[in-house]
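What follows is calculated from the coordinates using simple rules that are stated; it is not laboratory data. Not measured: the values here are computed from a predicted model. With ideal geometry, Cβ positions are generated from the backbone for all residues, glycine too; neighbour counts draw on all protein chains shown.
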Amino acid sequence: MLVLIHKECGGPALDESPVGEVCAIPVSQFPFTCFTCLEDILDESEVRLTEDLGI
């Protein structure tokens, strides 16, 4: 499962989709609110993509 992580709080930046993956966010979608800490994410430098293997 791919997850966008907010670098500042370390939590998921988006809620999981029904298929268990978070889709890429087009640059036009910034800013958006972090799902975990509710801070505004202004650009892609504030998030990182990680893969959760669910093990």
Amide H neighbours of Val47 under 5 Å, at least 5 residues apart or on other chains, H built in the peptide plane: list them.
Lys7
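Which order, highest average first, do 38-48, 4-14 follow once you tally other Cβ atoms within 10 Å for each residue and take the mean per peptide?
Details: 38-48: 13.5, 4-14: 16.6.
Descending packing order for the listed peptides: 4-14, 38-48.
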HN-Hα J couplings of segment 33-44 from phi, Karplus 6.51/-1.76/1.60, θ = phi - 60°, integer Hz, Gly and Pro as x?
8, 4, 5, 8, 9, 6, 7, 6, 9, 8, 7, 5
